[in-house]
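Only one structure is covered here, and it is reproduced in the block below.
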Amino acid sequence: MDGTFSDNDLSRVVAADKAHVWHHLSQHKPYETTDPRIIVEGKGMKVWDQHGKEHLDAVSGGVWTVNVGYGRESIANAVRDQLIKLNYFAGSAGSIPGALFSEKLISKMPGLTRVYYTNSGSEANEKAFKMVRQIAHKRYGGKKHKILYRERDYHGTTIGCLSAGGQDERNAQYGPFADGFVRVPHCLEYRAADQGAPVENYGEWAADQIEAVILREGPDTVGALCLEPVTAGGGVITPPAGYWQRVGEICKKYDILLHIDEVVCGVGRTGTWFGYQHYGVEPDFVTMAKGVASGYAAIACCVTSERVFDMFKSDATDPLDYFRDISTFGGCTAGPAAALENLRIIEDEGLLENTTKMGDYMLDQLRAMMDRHEIIGDVRGKGLFLGAELVSDRDSRTPAAEKMVGAVVADCMAQGVIIGATNRSVPGYNNTLCFSPALIATKDDIDNILAAVDGALTRVFG
Ligand SMILES: Cc1ncc(COP(=O)(O)O)c(C=O)c1O
């Protein structure tokens with residue numbers, strides 16, 4: 001740490017935090033007797049807490065966000081320069097960074113043309129949901145309005161997004177939810193037996209389950225299908241072979257708009273600009289947030305095809321016949337200014353290539369670790385987005401107890417390495433360790449993360 005804050009200042013910060021801050025996803029009772037962790041500073045892959053303790057961050061800011069690492073002065077400068085020139089104007093007008101970033105972003109997304117700015121992943125998904133609903137009203141008398149979502153996927157924290165939430169522990173106690181959202185089965189091959197799926201061609205079988213839901217609901221009632229390309233908090237689920245191809249065919253067959261939620265995978269996390277680009281599908285909507293500006297400013301986007309955009313154009317005299325939506329902070333210029341510089345860094349530093357190389361290395365090493373640790377039942381992931389599912393028995397695939405999984409995370413934390421685990425997600429299946437180091441990770445960083453995990457597994461499980 002650079003010593004800008006004295007111990008005295010930091011005690012005041014901790015006291016203020018304990019008195020007034022309501023932390024996300026946290027039970028606060030323990031803070032009556034302990035202090036919450038305050039992260040004070042970051043540089044590259046590392047962060048420092050209020051005690052000056054250094055941590056190697058294997059989860060990019062906790063939630064797959066700081067893709068280019070901490071302490072990027074060029075992003076800070078781009079934001080500063082833009083804020084002095086113009087900090088804000090409502091998104092009904094354009095801005096210089098908004099226009100330039102949209103052009104840059106679209107150059108990475110063949111087939112898509114329009115960027116709708118907003119300020120969180122949840123909100124970006126809400127925009128897509130609203131577009132689908134409005135299209136249903138404009139073209140199909142309101143009938144083709146249902147939105148399909150998948151078990152184990154997560155799309156955000158608002159009531160609308162939780163209505164499309166496939167993680168029951170996230171949803172519990174927040175209902176009733178919105179109508180017109182319909183669940184389809186997950187596609188986690190490791191758990192195929194629980195679904196009664198055949199051993200062969202699991203990917204096609206899992207996609208066919210979506211078709212079965214469409215047929216049950218009536219294809220003329222289904223407007224869109226919303227999926228994560230690789231499921232994140234629901235267990236780092238890489239799609240099985242053949243899945244996406246079939247999904248694309250099904251959407252075309254029933255004229256269903258395909259909405260891909262790239263809030264986690266977007267902007268490099270899996271080694272391509274977007275996760276869906278591994279699988280050759282053609283989405284109508286792509287939503288993104290976390291890695292767009294690596295957390296240097298709040299920005300999220302709902303990107304659409306020209307086909308979708310055109311559905312909202314009209315010469316009609318009806319004053320309601322356009323996308324009547326606004327996001328106040330979607331007009332902040334800091335977001336696109338930071339995002340432009342973030343993309344430049346990813347390109348100039350070859351971070352997609354690094355992500356693929358380091359991701360493959362980490363995946364191989366985690367698989368090798370399975371020889372030493374019977375507790376690891378499955379390892380999966382794409383690029384620097386990896387998970388290790390822990391099971392107490394490999395034959396029955398019984399999930400390891402959540403408390404023990406938490407103990408592994410805590411052991412790593414004590415060693416100065418921050419890893420993640422699925423939590424408050426799928427009941428009984430909060431048993432996957434999650435890794436998402438920044439795209440700048442070196443082989444040494446990966447080795448240090450793996451060494452901490454190896455030690456923690458030995459201490460917790462023997
Ligand atoms: C796949 C996915 N979609 C949407 C969201 C919601 O994004 P936000 O927290 O920015 O609203 C998240 C957040 O973790 C996510 O993982």
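The values are calculated or read from the model by the stated rules, or taken from the named source; none is laboratory data. This structure is a prediction, so every number in the text was calculated from the model and none was measured. Glycine also receives a Cβ, built like all others from the backbone with ideal geometry; neighbour counts cover every protein chain displayed. Note: areas computed on protein heavy atoms with side chains; ligands, DNA, RNA excluded. Shrake-Rupley method; radii C 1.70, N 1.55, O 1.52, S 1.80 Å.
Side notes on the structure shown:
- Global form of the chain, assessed from the alpha-carbon gyration tensor, a/c cut-off 1.5: oblate
- Per residue of the chain, the DSSP helices (runs of n ≥ 4 H) give a summed -39500 (n - 2.57) that works out to -11500 deg cm²/dmol at 222 nm.
- Taking packing as the residue-averaged number of other Cβ atoms within 10 angstrom, the listed peptides 52-65, 401-414 run from highest to lowest as 52-65, 401-414.
- Cα-projected label distance for Ala99 with Tyr174, points at 7 Å along beta-carbon direction, nm: 3.8
- Each part reduced to its alpha carbon centroid, region 165-217 and region 13-55 end up 37 Å apart.
- A Förster radius of 30 Å, combined with the Cβ-Cβ distance separating Gln245 from Asp360, puts the computed FRET efficiency at roughly 0.85.
- Expressed as a whole percent, the accessible surface of region 1-93 that belongs to carbon and sulfur atoms is 54, based on a 1.4 Å probe.
- Maximal additional length on extending the Gln27-Lys138 stretch stands at 35.5 nm, based on 0.36 nm per residue less the C-alpha distance.
- Per residue, the average separation of C-alpha pairs within less than 8 Å and at least 6 apart gives the chain a relative contact order of 20 percent.
- Simple spin-label estimate for Ala76 and Asp194 gives 4.5 nm between the two label positions (7 Å along the Cα-to-Cβ direction from each Cα).
- Length gained when the stretch Glu54-Arg397 is fully extended (0.36 nm per residue, less Cα-Cα span): 119.9 nm
- Rolling a 1.4 Å probe across the protein heavy atoms gives the chain an accessible surface of 44 Å² per residue.
- Listed peptides 85-93, 299-307, 221-229, 287-295 by packing density, highest first (mean Cβ within 10 Å): 287-295, 221-229, 299-307, 85-93
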